[in-house]
1. Where in the range A:155-261 are the helices (runs of 4 or more DSSP H), entirely inside, with at least 3 residues that are of a type in the set (A, V, I, L, M) and under 28 Å from B:SER409 (Cα atoms)?
2. How about the range B:392-412: which of its residues are in contact (Cβ under 8 Å) with a residue 60 or more places away in the chain, in contact with a helix residue (DSSP H, G or I) (Cβ under 9 Å, 6 or more places away or on another chain) and either closer than 25 Å to B:PRO291 by Cα or not hydrophobic (A, V, I, L, M, F, W, C) (or both)?
3. Those residues that are outside any loop (DSSP other than H, G, I, E, B) and within 25 Å of the chain's Cα centre (by Cα), I need them from the range B:102-125; list them, please.
4. B:GLY274 - would you say it is more than 14 Å from chain A (Cβ to nearest Cβ) and surrounded by fewer than 23 Cβ atoms within 10 Å (Cβ to Cβ)?
5. Select from the range A:313-352 the residues that are in a loop (DSSP other than H, G, I, E, B), among the polar types (S, T, N, Q) and touching a residue at least 12 places away in the same chain (Cβ under 8 Å) and write down the one among them that is farthest from A:ALA270 (Cα to Cα).
6. Does A:VAL158 meet the test of being within 14 Å of chain B (Cβ to nearest Cβ), at pLDDT 95 or above, over 25 Å from the mean Cα position of the chain (by Cα) and within 27 Å of A:ASN63 (Cα to Cα)?
7. Considering only the range B:282-296, I want to know if a residue exists there that is within 19 Å of the chain's Cα centre (by Cα), within 14 Å of B:VAL312 (Cα to Cα) and not in a strand (DSSP E or B).
8. Taking A:VAL141 as the residue in question, decide whether it is aliphatic (A, V, I, L, M) and within 14 Å of chain B (Cβ to nearest Cβ).
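The values are calculated or read from the model by the stated rules, or taken from the named source; none is laboratory data. No experiment lies behind these values; they were computed from the predicted model shown. So basically every Cβ, Gly included, is an ideal-geometry build from the backbone, and we count neighbours across all protein chains shown.
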Amino acid sequence: MNTIATPEPFRFEDRTGLTPADLGRILDLALSSGGDFAEVFLEYRQSSSAHMEDDIIKDTSENMSLGLGIRVWSGETTGYGYTNDLSREKIERTARSAAAVSAGPAKMRALDLRESVVDDRLYRALAPAYLAAFETKIDLVRRAYAACQKADPAVKKVKASIQDLIQHVLVANSEGLLVRDSRPLLKLTCVGIAERGTLREYGYSGGGGRVGLEYFDRTLSPETIGIEAAREALDLLDACDAPAGEMPVVLAPGHAGVLIHEAVGHLLEADFTRKKTSVFWNKGGKRVGAPGVTIYDDPTISGSRGSYAVDDEGTIPQKTLLVEKGVIRGLLQDKLSAHLMNRPLTGHGRRQDYTDVPIPRMANTYIDRGEYDPEEILRSVKKGFYAERFTGGQVEDSGKFTFSVSSGWLIEDGRRTAPVKQATLIGSNVDILGKVEMVGSDLAFGLQTGTCSKEGQDVPVNDGCPTLKISAMTVGGRR
Amino acid sequence: MSCLGRDEDRALAERLVRHGRDCGADEIEVGIGEGVEFNVDIRLGRIENLAEAGSRYAGVRVIKDKKTAFGSSSDMSEEALRRLIGGAVRRAALAQADEFSGLADLSPTRIDDDVLDIFDPEIPALEARTKIELAMETERIALADKRITNSYGAGFGTHEVRSVLASSNGFSGVYEKTYASLSVGLQAGETDDLVEDFWYSSQIHFRDLETPEQVARKAVDRTVRQLHPRKIKTQRVPVIFEPFMTGSLLGFLFGCVSGTAVYQRSTFLADKLGQRIGNDKITVIDDGLLPRRIGTGPFDAEGVPSRRTIVVERGVLKNFLCNVYAARKLGLQTTGNADGGGVGPNNFYLEPGPHSPADIIRSCDRGLLLIRTLGHGLNGVTGDISRGAFGLWIENGEIVHPVSEITISGNLGELLQSVEMVGSDLEFRGSICGPTIKVAEMMIAGE
């Protein structure tokens, strides 16, 4: 019998010598110049990686960081300081520099800390990667590499890597909250480069999440990852240039979730509404999309890359309804925005690491399944573009967004005909959401390897969607 | 900068190198990085965030029997660092012997940091009040323009860093560098017709920064010129890249001439050394020795002295940019571009040409002035480019209206061959930069 292991709670006390009483004193010091709220974020992260290229395991790496961030609010102003020198003197200096956002006598003292225990079942793993022997992880890399290399003689170069991370966090604040979370993260990726004559193409695949190593036995094998990377590169060797112009677009299930992430998710992060920079800021309760469009962000999906048991401000996250049948119903809140907007918390305050202030972020964002059979969606298009694989996207607050398609197909008379490569899709979100004509019944999530960047902070995320038809969108191909 | 001085940091790195040798490493390199930063964000006249912090960390590379292991730690106690190194020496056995692995050979050249002038003593001495006021003033000037409807905020930041490196080949060095930046982001227009842009100035020396007035005016102009865009038809036209956009194109080129990409065959330029890859208007340089520039330093992450490398000379690809590993894989010499495990730019720029930006616009009967891009869409393996774009439409040599919701696509190899004019307006705003350029034709997808 296998035993189920959730990550061991990390004993910050042992590692740093900081007791709950010390944390209380730090919070009081942070409030000593008149702040309204103070918080300590302690983070210990340990990561390792191994890389294979040119048929050898080229190197391994182990990285450790331990640090502390202190945040103080005074009205709408945030003071922040961080240090990785956990001497009493440095911590006190950090608390004072965060406290310097206000200048006056202390208005309050921190409440006594009471630890709450979080439900961390969403990380349950048989074989946590951070406890496994390095050799076991290296073996997975070799298997993905070999599968990619053997997939076809045209595959000329392969790279495969594994990365695992355990991030232990502790949040204590002046409201008496004390909570900790230990978040595993695992990623196996493979790149294949295929060559034919002077043509050269690139393929990528990967998998993982907040899972244990058993994921690669049960859910997705290293061989599948290797073969998919080879397959993408090989398919592209036969692909022609994408078309250019406005046309109907069908988005493949899973990977195309990045469209929802860019077109909707970011603009429903509460800070952009609070600052009125988002095109959605005054559209709460209003229709912004077709009736088939229902969107959630759910940080509680077991094993998913974007999930967490508690956010980086100590809030238990909730599955959050963002858009219901085309109408905006919710925002992704962090503590500051929820406080200033007088709205309930949703548990979406995240930060890259202890050096950063938390901000509202997505976790696992998806458009919910609809009623159409994917085949029926395809058949409804006489001439258009089928977007299959994606490399990412970007949005600005006005709602204009792009996302990059690495490969797709031409649709002619309801069938996928010629494979095409590289195109950027561009649109403005209100316009595109209104043009979502059909939503498929085949909801799927993308590769468990995605990272989202906002204000210089990277956090792991995942996105999902079923097959979608957009009646007209600008496709930026070369012909 | 910290309680420890530069000599102590260097002595620590040297002791750790000796410890690594004692543990059985054939070769070892220890880097210590230390930084102090200050950042203030102002929004709508008030401080939004005020952050002040310091950090220190160490990174090691160990080679034993031609097998490599890396490690890093933010726990800077000497005991923890010795453990890190001992662990890395043992872990090296997990990798496979790689004949190309190894540290740089020790160079007799030593570059004098004083000549490089990359530490401005004025920056650590700036008062918090002065820094906050600079950001406040920048936003205030920008918001005084009635066409601006919202602010993303203005920011002022400084960063002082110290880099220490010691290795078992006998190298030991340390240098200190400062950075300062001033920025503002703005929005104009009404709810469903919003436009945004920003401007910033970033320099090694405080006195080299643009003034709040200059940053604010530039941000305002860049934002309001996009108001009331029109859609355009799908077509092929000449495209003029503003310097900021040329910089982005050069960033893509950098990735394609990086020795790492070359030996991994993930660049379309892999087999093109010595060949013509652009027309004779294209000369691209990487120079780590330019005084007072963002990409300048006395040595790279492997202790190799900085140098000036001609990458492309009048269209001919002369050099790939390499760290020691990529150079050995390719049978070349390192160019001093090692950057923590990979290859990074020093000051990587396109040499300016004879034309003023105004002349370049006047030369264009009908075309697009590219001012911003959105999204990724760069494929180094093929050189293909496909990005969302914002621009100004040009008719008969005059800017007539902004355009939005278009994409531009083309191929870097083809663009380099079709550059028709190169501007005289090169400014060193970051470590990768270029002047205005005009290319013969790109595909614009619109309606």
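1. Details: elements: A:215-218, A:222-237, A:257-260.
Correct list: A:222-237, A:257-260.
2. If the condition is that a residue be in contact (Cβ under 8 Å) with a residue 60 or more places away in the chain, in contact with a helix residue (DSSP H, G or I) (Cβ under 9 Å, 6 or more places away or on another chain) and either closer than 25 Å to B:PRO291 by Cα or not hydrophobic (A, V, I, L, M, F, W, C) (or both), then B:GLU405 is the only one that fits.
3. In the first step, residues of the range B:102-125 are kept if they are outside any loop (DSSP other than H, G, I, E, B); the result is B:113-116, B:122-125.
Those that are outside any loop (DSSP other than H, G, I, E, B) and within 25 Å of the chain's Cα centre (by Cα): B:ASP113, B:ASP114, B:VAL115, B:LEU116, B:GLU122, B:ILE123, B:PRO124.
4. On the way: more than 14 Å from chain A (Cβ to nearest Cβ): yes; surrounded by fewer than 23 Cβ atoms within 10 Å (Cβ to Cβ): yes.
It is true that B:GLY274 is more than 14 Å from chain A (Cβ to nearest Cβ) and surrounded by fewer than 23 Cβ atoms within 10 Å (Cβ to Cβ).
5. In the first step, residues of the range A:313-352 are kept if they are in a loop (DSSP other than H, G, I, E, B); the result is A:313-319, A:325-326, A:329-331, A:333-334, A:342-348, A:351-352.
Filter once more, keeping what is among the polar types (S, T, N, Q): A:315, A:318, A:333, A:342, A:346, A:352.
Checking which are touching a residue at least 12 places away in the same chain (Cβ under 8 Å) leaves us with A:315, A:318, A:333, A:346, A:352.
Values: A:THR315: 16, A:GLN318: 15, A:GLN333: 5, A:THR346: 10, A:GLN352: 18 Å.
Among those residues, the one meeting the criterion is A:GLN352.
6. Numbers: within 14 Å of chain B (Cβ to nearest Cβ): yes; at pLDDT 95 or above: yes; over 25 Å from the mean Cα position of the chain (by Cα): yes; within 27 Å of A:ASN63 (Cα to Cα): yes.
Criteria met by A:VAL158.
7. Narrowing the range B:282-296 to residues within 19 Å of the chain's Cα centre (by Cα): B:283-296.
Now drop any that are not within 14 Å of B:VAL312 (Cα to Cα), which leaves B:283-287.
From the residues that got through so far, the ones that are not in a strand (DSSP E or B) too are B:283.
Looking for residues that are within 19 Å of the chain's Cα centre (by Cα), within 14 Å of B:VAL312 (Cα to Cα) and not in a strand (DSSP E or B), one finds at least one in the range B:282-296, hence yes.
8. So A:VAL141 fits the description; yes.
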